[in-house]
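Visitor: Quick one: the structure is below, questions incoming.
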Amino acid sequence: MDANEPIVIAVPKGRILKELRPLLDAAGVEPEAAFDDGGARQLRFACAEPGVEIVRVRSFDVATFVAFGGAQLGVAGNDVLMEFDYPEIYAPLDLDIGHCRLAVAAPQDLALTDDPRTWSHVRIATKYPRLTRRHFAARGVQAECISLSGAMELAPSLGLCRRIVDLVSSGDTLRANGLVEIEEIARISSRLIVNRAAMKTRPGRLGALVDRFEAALDAA
C-alpha cells in the first residue's frame, strides 16, 4: 500500500452503524455530513481526520473488503469473521456493540419434542453454511445447509427444511413466524478488524487509529 494513499475504514450499513457512529466521532474519524443521510447513494466519505476515508457497505461484505485490501480497517460482527475465517484479518478490539446471538431455531411444535443431542443429520437454512457445518461437525452431526441471504424464517413453513440458523436479537421475528430457539451457537458482537499486510506496511498510522478506537471505548 502506498504511504500517500488514504486509509479506508469499511463500516456496515443498518442498525450497527447507528451504534458505531458515536465511536467514530470519539476516535476522531467523524465522517462528512453526507454520511448521516440515510437515503444518500454515496458510499465513500471523507473524514475529519486527514488521509482517512470511510466506505459504507453491506455488513456481510466488510470482512471481504478488508481481507482483500480494499479497506485497511473495518467493523464486522464475529459471525461474519467466523463464517469467512480470513487469515488476512485480525480483530484487536471488541467494540461492545451489535450484540445478538447466532442460534438454531425450529417451529414450536417440533421444538417441543426435538433434542439436539440426538441429531445425526440436519437440514438447515442459513446464510452461514461454513460456520454451521463446522459447529455441527464438531459433535459428529452432518449439516446439510440450504444457503439463503434473507427471509430464513420462511424456510420451515414453505417446506425447505425444518430448522434454521440465524442471528437473533429480541426474538420477535422468530415468534412472528412460529419459531423458537432450540440451541445457541455463539454470542455475537462487532469487532474492529485490521488487514495484516497493511499493518505491516503502515504500522504507525494504523496502530494509532486502533489506539484511538481503544481509547474511545475506555472513555465510553
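Visitor: Calculate the spin-label point distance for residue 108 paired with residue 19, positioning each point 7 Å from the Cα along the beta-carbon direction, and give it in nanometres.
Guide: Reported label-point gap for residue 19 and residue 108 is 2.8 nm.
Visitor: Let me ask something else. List, in order, the whole-Hz ³J(HN,Hα) value for each residue of the stretch 93-103 obtained from phi through the Karplus relation with A = 6.51, B = -1.76, C = 1.60 and θ = phi - 60°; use x for Gly and Pro.
Guide: Along the stretch 93-103, the couplings run 9, 8, 7, 6, 9, x, 6, 6, 9, 9, 9 Hz.
Visitor: On to the next question. Tabulate in residue order the Karplus-calculated ³J(HN,Hα) for the stretch 156-168, using 6.51 cos²θ - 1.76 cosθ + 1.60 with θ = phi - 60°, rounded to whole Hz; enter x for Gly and Pro.
Guide: Those phi angles translate into x, 6, 9, x, 5, 6, 9, 9, 10, 10, 7, 6, 10 Hz.
Visitor: Skipping prolines and chain starts, which residues have an amide H placed within reach, meaning under 5 Å, of the one on residue 123, given they are 5 or more residues away or on another chain?
Guide: Amide H neighbours of residue 123: 144, 162.
Visitor: Something else about it: Using the Karplus equation 6.51 cos²θ - 1.76 cosθ + 1.60 (θ = phi - 60°), what ³J(HN,Hα) coupling, rounded to whole Hz, does each residue of the stretch 141-148 give in order, writing x for Gly and Pro?
Guide: 9, 7, 9, 8, 9, 9, 7, 10
Visitor: While we're here: If Rh is defined by the Kirkwood formula over all Cα pairs and Rg also comes from Cα, what ratio Rg/Rh do you get for the chain?
Guide: On the way: Rg = 19.4 Å, Rh = 18.8 Å.
Here Rg/Rh amounts to 1.03.
Visitor: Expressed as a whole percent, how much of the Cα-Cα distance distribution for the stretch 100-187 exceeds 16 Å?
Guide: Working: 1795 of 3828 pairs.
That fraction is 47 percent.
Visitor: For residue 127, which aspartates and glutamates qualify as cross-link partners when the Cα separation must be under 18 Å and same-chain residues fewer than eight apart are set aside?
Guide: Reachable aspartates and glutamates: 61, 79, 83, 85, 144, 153, 166, 181, 183, 184.
Visitor: Would you pull out the residues with amide H under 5 Å of residue 183's amide H, same chain only if 5 or more places away, H placed 1.01 Å from N?
Guide: Under 5 Å from the amide H of residue 183 lie the amide H atoms of 104, each far enough along the sequence or on another chain.
Visitor: Ranking request for peptides 138-146, 191-199, 157-165: highest mean number of other beta-carbon atoms within 10 Å first, then the rest in descending order.
Guide: Values: 138-146: 13.4, 191-199: 20.7, 157-165: 16.8.
Peptide ranking by packing, descending: 191-199, 157-165, 138-146.
Visitor: Under 5 Å between amide H atoms, partner at least 5 residues away or on a different chain: which partners does residue 95 have, H built in plane at 1.01 Å?
Guide: 190, 191, 192
Bear in mind these aren't lab numbers, they're just calculated from the coordinates by the rules spelled out. All values derive from a computational prediction rather than experimental measurement. A quick note on method: Cβ atoms are made from the backbone with ideal geometry, for glycine too, and the neighbour counts reach across all protein chains shown.
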